[in-house]
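The values are calculated or read from the model by the stated rules, or taken from the named source; none is laboratory data. What you are looking at is a predicted structure, and each value in this text was computed from that prediction instead of being measured. Positions of Cβ are generated from backbone atoms using ideal geometry, with glycine treated the same way; all protein chains shown enter the neighbour counts. Remember, those area values only see protein heavy atoms, side chains included, never the ligands or the DNA or RNA. Shrake-Rupley method; radii C 1.70, N 1.55, O 1.52, S 1.80 Å.
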Amino acid sequence: MTRVFSGIQPTGNVHLGNVLGALLRWVDDQHTADSLYCVVDLHALTIPQDPVELRESTLRLAQTLLAVGLDPEVCTLFVQSQVHEHAELAWIMQCTASYGELSRMTQFKDKSDKAGFVSGGLFTYPALMAADILLYDTDLVPVGDDQRQHVELARDVAERFNSRYGDTFVVPKATFPTAGARVMDLQDPTSKMSKSADSAAGTILLLDEPKVIEKKIKRAVTDMDAEVRYDVAAKPGVSNLLSILGAVTGRTPEEAAVGYTQYGPLKADTAAAVVERLAPIQARYAELAADPGETQRLLGVGAAKATELASATLARAKDHLGLLPRA
Ligand code: ATP
Ligand code: LTN
C-alpha cells in the first residue's frame, strides 16, 4: 500500500485555505493510502514561541484535524515532539544535506529577511522535514506548492545517503493539489489566504461564526464589470468566490458559475455553502474541545504507532552509518 505523510505547524488559526487545499485531501487519502499526519511542533520552534500558547495551539490543531475528519482508527495522527526519532534523524539529515543546499531554500531567505531573530533551526528546518518524511518510508507527500523545494531536498538527501551508505531510505515524491485548491485572500485575491495575512477580513477561519463568514464574503473584493465568469487573470475576486463555492459543493468553478448573473446572489450562496460545509466540523470541534483528555489519549496511541515505524528506520540508518550500538 502507498505510504503518505504530511505535516502542519501549530502556528496561527486554521483557515478555509488550509481546509480546502490540504486537510480535506488528507481526509480522502486516509482511506486509499497508509497515511500518517503530524502536528509539527518542533518546526514551530524555529521561531520563538510562547510556551503556554504553543501547548494550546498544538492540542487545538490536533482537535481541528480530528474534527475535519481524520480518523485515528484509519490513519496515524501524532505530535512530532512525542516521537523523539524525528529530532535524532534530523541531526543525521543536517549532516547529509550540504550548506549550499540549505542556503538555496527560498523559504529560509523569505523568513530570515522578515524575522528579527534568525535561529539556526530556521536554517536547518528542511533537514528536520526530510527526517519527518524519510522515517516512515514515505512514497507520497501531499503539500502546497510552497513546500516543493523542501520535498525536493528530502529526495536529494535520501538519494545521497543511499549511495554513500547503502539502500536505507525510500525516495519520496511530492503531490500537489489540483488547480482551484488555492484559496485566495478575500480582500486581496491575488495573494493566497494565509494565517499570517495582514487583513483578518480577507481570511475565513475554520472556527468563524456564521455571521462573521457571511460578513467577510459579502465584503469580498469583486471585479469592475458585473459579470459572473471564471477567469482568474481578468476576474480574480469573482473567480476566487467561484473556486470556493465549487470546492465546498464538490463542483468545478465553471460548474459553480452556471445560473449567476449578479455578484449579490453569488456571494449569498457562497456564504451559505461555506457555513453549511463548516457547521458539522465546528460542532465536532466543540465536542472534542470539551474533552481534551480524549484527544491527548488518541495522540498517545498515534505516537506509539509512529514510534514503531520510526524506530526501525532510525535503527537501520544508524547501523548503516557505523554508529556503535549500545551493548
Ligand atoms: P502561513 O500563512 O503562516 O505561511 P499557511 O496558512 O500558508 O501559513 P501552512 O501551515 O503553511 O499554512 O500550510 C498548511 C497546509 O495548508 C499546506 O499544505 C498548505 O499548502 C495549505 N494551504 C495554506 N494556505 C492555503 C491556501 N490559501 N489555499 C490552499 N491551500 C493552502
Ligand atoms: N514545512 C511544512 C510542514 C511540514 C511538512 C513536513 C509537510 C513539516 N514537516 C513533512 C510535509 C511533510 C509547512 O510549513 N507546510
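Worth pointing out:
- Lone qualifier among Ser119, Ser98, Ser112 - being closer than 26 Å to Leu321 by Cα and open to solvent by less than 60 Å² (accessible area, probe 1.4 Å): Ser98
- Verdict on Leu66 being farther than 17 Å from Leu299 by Cα and either away from ligand 2 (no atom under 12 Å from the Cβ) or touching a Lys or Arg at 6+ places or on another chain (Cβ under 6 Å) (or both): no
- Residue list for the stretch 59-88, restricted to those being of a type outside the set (A, V, I, L, M, F, W, C), part of a helix (DSSP H, G or I), open to solvent by 20 Å² or more (accessible area, probe 1.4 Å) and within 24 Å of Ala312 (Cβ to Cβ): Ser81, Gln82, Glu88
- Flag for Gly302 being within 26 Å of Arg3 (Cβ to Cβ), modelled with pLDDT of 95 or more and not hydrophobic (A, V, I, L, M, F, W, C): yes
- Selection over the stretch 89-144 of residues that are in a helix (DSSP H, G or I), modelled with pLDDT of 95 or more and small (Gly, Ala, Ser) gives a count of 8.
- Within the stretch 232-258, the set of residues being over 20 Å from Thr190 (Cα atoms) and modelled with pLDDT of 95 or more comprises Glu255, Ala256, Val258.
- Any hit, the stretch 144-151, residues being of a type in the set (A, V, I, L, M) and within 14 Å of ligand 2 (Cβ to nearest atom): yes
- Considering Leu266, Leu323, Leu241, the condition of being out of contact with any Leu (no Cβ under 8 Å at 6 or more places or on another chain) and either over 30 Å from Leu89 (Cβ atoms) or surrounded by fewer than 17 Cβ atoms within 10 Å (Cβ to Cβ) (or both) is satisfied by Leu323 alone.
- Count - residues of the stretch 12-58 that are open to solvent by 40 Å² or more (accessible area, probe 1.4 Å) and outside any helix (DSSP H, G or I): 8
- Restricted to the stretch 168-219, and to residues there that are charged (D, E, K, R) and outside any loop (DSSP other than H, G, I, E, B), the residue that is farthest from Arg148 (Cα to Cα) is Lys211.
- The residue of the stretch 34-66 that is farthest from Phe176 (Cα to Cα), among those that are touching an Asp or Glu at 6+ places or on another chain (Cβ under 8 Å) and of a type in the set (A, V, I, L, M, F, W, C), is Leu54.
- Where Cys38 falls short, out of the listed (1) within 30 Å of Leu241 (Cβ to Cβ); (2) within 15 Å of ligand 2 (Cβ to nearest atom): (1)
- Test for Ala220: is it under 14 Å from Gly264 (Cα atoms) and of a type in the set (Gly, Ala, Ser): yes
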